[in-house]
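Heads up: the structure comes next, in structure tokens.
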Amino acid sequence: MGMLELIDISKIYGSVNALRNIGLTVDQGEWLAIMGPSGSGKTTLMNIVGCMDKPSQGAVILDGVNISKESAKNLTAIRRDKIGLIFQQFHLISYLTALENVMAAQYYHSMPDEGEALEALARVGLKDRAKHFPSQLSGGEQQRVCIARALINYPMLILADEPTGNLDEANEGIVLEILRKLHQDGSTIIVVTHDPEVAEQAQRTVVLEHGRIARIIRNTSPGPGAGPSL
Amino acid sequence: MKKQSFYVKMTVNSLIRRRSRMFVALLAVAIGATVLSGLITIYYDIPRQMGQEFRSYGANLILVSSGGESTLSAAGVESAKPYFPPASVVGIAPYRYEAVKINEQPFMAAGTDLEEAKKTSPYWLVNGRWPAGAGEALIGQEVADTIRLLPGSTFALTGTDADGAGFSRDFSVSGVLQTGGTEEAFIFMSLADLGEMAGDSGRIDIVECSVSASEASLNQIAAEITSHVPDITPRLVKRVTQSEGTVLAKLQSLVYLVTVVVLLLTMICVATTMMAVVAERRKEIGLKKALGAANSAIVREFLGEGLILGGLGGLLGVALGFVFAQTVSMNVFNRPITFQPFLIPATLAASVAVTGLACLLPVRNAANVDPAIVLRGE
């Protein structure tokens, strides 16, 4: 049994079928990419896996627990404890420093720990920018803070929504390198992306079209450090 | 860092780093608190201020003799004085009346404590000046017209003393009194001058008291005098005390109504601002919820911000409210206002409570924000 199992899930908004009969298993330590054109259901799938939405049909088993029937309150707790989120638009809190943004995730999870938050910033190479506010950081630096925040509570699953979508080539390389290291350290990563180069770093790429899985590509040569191929 | 310290840091930073928006909210709370604290100050000071104004209309309590005796004694009046709260007494003027003649024409002479009479009858208009010493008299306009006297003129006052012997004494007119009332038919002089001429010094017919107090307080003073000084009967001057009570009650009701309206307006203003704040920060709220913030944590943060605004606005309101009340008082009553220390906690509490109430709806909206908006890129 995988760490995450999607069993025949569908999501219907009124007359629109955003997702149709999706079945997918993600193993512990796997790096999975989800690709697809706009409106293919990528974000809906991320919302469901990220415990921010529930499927209309089917079951989502995360770490052995069927989360598709959980209440909003329990989903918040599961998201807090088991999932780290990385966003395309970084979504840092503007009135908190980089360090405090990382500590905010600790605050909602358990207890803010400045030392640990500094360590997380050091892992993404931003220890010296800890006291800077988001407006004083470049896009790449903001994304690295976002990654540090996603990692701080040791989540079992990292969900990244277009993590390099707003970055230039140099910063894209830095962020992908960080994700590779995380994967090497055993993190399970799901990345939603439009960028084939990013998808190539993953071990598998799921391509969605019209709410269905159109195909699954097993990358034979994932990026350096992407781990053994399946 | 403790969880509480981080909460405080986050809340304070959120206010400080979004100054312009929060300044508008703070301004709304501060203006509300200013008007509230100012109006409450005026509300509590109106009886004092208006009481002083009403004292311009003359005595509101008189003391007369009880039972068979038709006159009072100076000693009896002295024994009644301790029942008046010293701070409220504007003046206590004893009067003694004697029938006298000038050029064989009959008049009524009134002996009084002239300094106290000045206080109990501030509305008296004196053409000339008040009597300054023995042998000087203040004559009513009617008397002056009858015998054609002017300030500085002299006249001889004749009559019969307590023993039935005749007396005659010269007086000079220090001033002519205009009141528009019966006082214009009297000749006013000091009690000592009248006692010296007519004998029976120490005799008093009536005492006019001007007390800055409500009708209820006056009734209480009267009851105490009645029970402790049986020779004296206190009587309230109903036309003064009742109209004073009515005007005060109406003024206080008006201020009370305005205060309630101001509170409501403040609440609406703060609620609107906080709703705008919540709308502006939907993404931030969504992010916090995506990070695992429970609804209660979001509610705590927004309420915390609201309450800090309420507290700061309340503090500003206390200070500015006093300035506001002082300005109103100086312009309307021409008297400084008394600071009410209880207004500090009261304004703070009201300001925090109103802000808290105003935040309820916006905070509920904040708690309902869908965390998925951070992935939709709205």
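The values are calculated or read from the model by the stated rules, or taken from the named source; none is laboratory data. All figures in this text were calculated on a predicted structure; none of them were measured in a lab. Cβ atoms come from the backbone with ideal geometry, glycine included; neighbour counts cover every protein chain shown.
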Considering every residue within segment B:138-154, establish whether at least one is in the same structural domain as residue B:180 (by TED's automatic domain parsing) and in contact (Cβ under 8 Å) with a residue 60 or more places away in the chain. no
Which ones in segment A:44-97 are of a type outside the set (Lys, Arg), outside any loop (DSSP other than H, G, I, E, B) and under 13 Å from the mean Cα position of the chain (by Cα)? A:45, A:46, A:47, A:48, A:49, A:83, A:84, A:85, A:86
The residue from A:104, A:98, A:117 that alone is within 11 Å of another protein chain (Cβ to nearest Cβ), touching a residue at least 40 places away in the same chain (Cβ under 8 Å) and in contact with a helix residue (DSSP H, G or I) (Cβ under 8 Å, 6 or more places away or on another chain) is A:104
In segment B:111-130, which residue that is within 15 Å of residue B:173 (Cβ to Cβ) and over 30 Å from the mean Cα position of the chain (by Cα) is surrounded by the most Cβ atoms within 10 Å (Cβ to Cβ)? B:128
I'm told residue A:89 meets every condition in (1) more than 18 Å from residue A:158 (Cβ to Cβ); (2) at the interface with chain B (Cβ under 7 Å from one of its Cβ atoms) except one. Can you identify the failing condition by its number? (1)
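Residue-by-condition table, conditions (1) assigned to a helix (DSSP H, G or I); (2) within 14 Å of another protein chain (Cβ to nearest Cβ):
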| site | (1), (2) |
| --- | --- |
| B:12 | yes, yes |
| B:31 | yes, no |
| B:36 | yes, no |
| B:62 | no, no |
Can you tell me which of (1) small (Gly, Ala, Ser); (2) more than 10 Å from every other protein chain (Cβ to nearest Cβ); (3) more than 22 Å from residue A:8 (Cβ to Cβ) is the one residue A:110 doesn't meet? (2)
Helices (runs of 4 or more DSSP H) wholly in segment B:198-305 with at least 2 residues that are surrounded by fewer than 20 Cβ atoms within 10 Å (Cβ to Cβ) and away from chain A (no Cβ under 14 Å) - which ones? B:215-228, B:238-280
Residue list for segment A:45-69, filter: in contact with an Asp or Glu (Cβ under 7 Å, 6 or more places away or on another chain) and within 14 Å of chain B (Cβ to nearest Cβ): A:46, A:47
Hey, residue B:343 more than 13 Å from chain A (Cβ to nearest Cβ) and either touching a residue at least 60 places away in the same chain (Cβ under 8 Å) or within 18 Å of residue A:105 (Cβ to Cβ) (or both) or not: yes
(1) more than 30 Å from residue A:118 (Cβ to Cβ); (2) crowded, with 22+ Cβ neighbours inside 10 Å: which one isn't true of residue A:210, the others all being true? (2)
Can you find even one residue in segment B:331-350 that is part of a helix (DSSP H, G or I) and more than 24 Å from the chain's Cα centre (by Cα)? yes
What do you reckon, is residue A:24 crowded, with 18+ Cβ neighbours inside 10 Å, more than 10 Å from every other protein chain (Cβ to nearest Cβ) and part of a strand (DSSP E or B)? yes
What about residue B:91, is it surrounded by 15 or more Cβ atoms within 10 Å (Cβ to Cβ) and either assigned to a strand (DSSP E or B) or at positive phi (or both)? yes
Is it true that residue A:145 is part of a strand (DSSP E or B) and on the phi < 0 side of the Ramachandran plot? no
Among A:170, A:104, which is the only one that is surrounded by fewer than 18 Cβ atoms within 10 Å (Cβ to Cβ) and among the hydrophobic types (A, V, I, L, M, F, W, C)? A:170
Would a scan of segment B:162-172 turn up a residue that is under 23 Å from residue B:121 (Cα atoms) and assigned to a helix (DSSP H, G or I)? no
If only one of A:72, A:122, A:77 is within 21 Å of residue A:189 (Cα to Cα), without any contact (Cβ under 8 Å) to a residue 24 or more places away in the chain, within 12 Å of another protein chain (Cβ to nearest Cβ) and surrounded by fewer than 23 Cβ atoms within 10 Å (Cβ to Cβ), which one is it? A:77
Test residue A:83 against the criterion of being more than 23 Å from residue A:205 (Cα to Cα) and crowded, with 21+ Cβ neighbours inside 10 Å, and give yes or no. no
Quick check on this structure: which one of A:12, A:34 is more than 19 Å from the chain's Cα centre (by Cα), farther than 23 Å from residue B:292 by Cα and either of a type outside the set (Gly, Ala, Ser) or not in a strand (DSSP E or B) (or both)? A:12
